[in-house]
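Peer 1: Supplied in structure tokens, the structure appears directly below.
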Amino acid sequence: MMKPATPDTVQQFVEAWGAMGALWGINRSVARVHALLMATEGPLSLDEIAERLQISKGNASMSLRELRTFGVVRQVEAPGDRRDFYVTEPDVWTMFFRILKERKRREFDPALEAIHRLLDQPGAKGEVLGRLQQMADLLTTVEGVVNRFLVDPASSRAALAFVAGLPFTPKPRKKP
């Protein structure tokens with residue numbers, strides 16, 4: 001049985017996740033809020049999140065809105081309490097696929113569209129045209145892989161485990 005995390009280890013995780021998120025282009029506060037929810041048993045209120053992370057309620061609220069847009073955090077109610085509470089998506093693989101899908105939509109798709117529009121314009125010649133065509137080919141290939149990856153998360157998870165040389169145990173299906 002795993003013992004509960006200490007406040008210090010939770011804080012270390014929050015800071016490490018925030019730093020990693022910032023390196024990946026995610027707002028540090030958004031990543032820190034997400035980390036706190038992942039490392040906390042049960043729901044947290046906006047006030048609790050802001051206090052524990054020592055950020056403003058406005059910053060916490062905007063971070064929660066972003067995480068809800070990604071589909072990795074949801075709002076819940078606590079009986080007898082009028083405040084809103086928040087919990088993270090409990091399945092980290094589901095979380096991973098939702099983040100990947102949203103980042104692809106926000107960041108990758110516009111870049112791919114931009115390079116195709118550029119190639120449709122006259123003017124590029126020689127080495128520049130060759131480079132742009134190679135980039136378009138590369139991005140189109142990556143798009144195909146990511147699209148196939150996102151179609152079936154269970155199969156993709158198994159494929160990732162296979163490529164990494166790790167055992168794969170499928171998540172048990174819920175009974176109807």
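The values are calculated or read from the model by the stated rules, or taken from the named source; none is laboratory data. As the structure is a computational prediction, the values presented were derived from the model and not from experiment. In this analysis, Cβ positions are derived from the backbone assuming ideal geometry, glycine residues included, and neighbour counts consider all displayed protein chains.
Peer 1: Please identify the pairs in which a residue from region 18-40 that is more than 16 Å from residue 71 (Cβ to Cβ) has its Cβ atom under 7 Å from the Cβ atom of a residue that is aromatic (Phe, Trp, Tyr) and surrounded by 19 or more Cβ atoms within 10 Å (Cβ to Cβ), counting only partners at least 6 apart or on another chain.
Peer 2: From residues that are more than 16 Å from residue 71 (Cβ to Cβ), the pairs are 32/17; 35/17.
Peer 1: Continuing with the same structure: Evaluate region 154-173: report whether one residue or more is in contact (Cβ under 8 Å) with a residue 24 or more places away in the chain and of a type in the set (Phe, Trp, Tyr).
Peer 2: Quick first cut of region 154-173, residues in contact (Cβ under 8 Å) with a residue 24 or more places away in the chain only: 156-157, 171.
From the residues that got through so far, the ones that are of a type in the set (Phe, Trp, Tyr) too are none.
No, because not a single residue in region 154-173 is in contact (Cβ under 8 Å) with a residue 24 or more places away in the chain and of a type in the set (Phe, Trp, Tyr).
Peer 1: Okay, moving on. If you go through region 139-159 one residue at a time, how many are aliphatic (A, V, I, L, M) and either exposed (fewer than 12 other Cβ atoms within 10 Å of the Cβ) or closer than 12 Å to residue 104 by Cβ (or both)?
Peer 2: To start, the set of residues in region 139-159 that are aliphatic (A, V, I, L, M) comprises 139, 142, 145-146, 150-151, 154, 158-159.
When the remaining residues are screened for being either exposed (fewer than 12 other Cβ atoms within 10 Å of the Cβ) or closer than 12 Å to residue 104 by Cβ (or both), the result is 139, 142, 145-146, 150-151.
Qualifying residue count, region 139-159: 6.
Peer 1: Can you report the number of residues in region 85-108 which are exposed (fewer than 15 other Cβ atoms within 10 Å of the Cβ) and over 29 Å from residue 168 (Cβ atoms)?
Peer 2: 1
Peer 1: Could you tell me whether region 122-143 includes any residue that is within 27 Å of residue 66 (Cβ to Cβ) and either of a type in the set (A, V, I, L, M) or in contact (Cβ under 8 Å) with a residue 60 or more places away in the chain (or both)? Reasoning before the result, please.
Peer 2: At the first step, the residues of region 122-143 found to be within 27 Å of residue 66 (Cβ to Cβ) are 139, 142-143.
When the remaining residues are screened for being either of a type in the set (A, V, I, L, M) or in contact (Cβ under 8 Å) with a residue 60 or more places away in the chain (or both), the result is 139, 142.
Within region 122-143, one or more residues are within 27 Å of residue 66 (Cβ to Cβ) and either of a type in the set (A, V, I, L, M) or in contact (Cβ under 8 Å) with a residue 60 or more places away in the chain (or both).
Peer 1: Go through (1) surrounded by 12 or more Cβ atoms within 10 Å (Cβ to Cβ); (2) modelled with pLDDT of 90 or more; (3) closer than 24 Å to residue 21 by Cβ for residue 115 and report which single condition fails.
Peer 2: Of (1) surrounded by 12 or more Cβ atoms within 10 Å (Cβ to Cβ); (2) modelled with pLDDT of 90 or more; (3) closer than 24 Å to residue 21 by Cβ, only one is false for residue 115: (3).
Peer 1: Restricting to region 69-125, count the residues that are of a type in the set (A, V, I, L, M) and more than 14 Å from the chain's Cα centre (by Cα).
Peer 2: Within region 69-125, the first condition is being of a type in the set (A, V, I, L, M), and the residues that meet it are 72-73, 76, 78, 87, 92, 95, 99-100, 111-112, 114-115, 118-119, 124.
Filter again for more than 14 Å from the chain's Cα centre (by Cα), leaving 76, 78, 87, 111-112, 114-115, 118-119, 124.
Adding up the residues that qualify gives 10.
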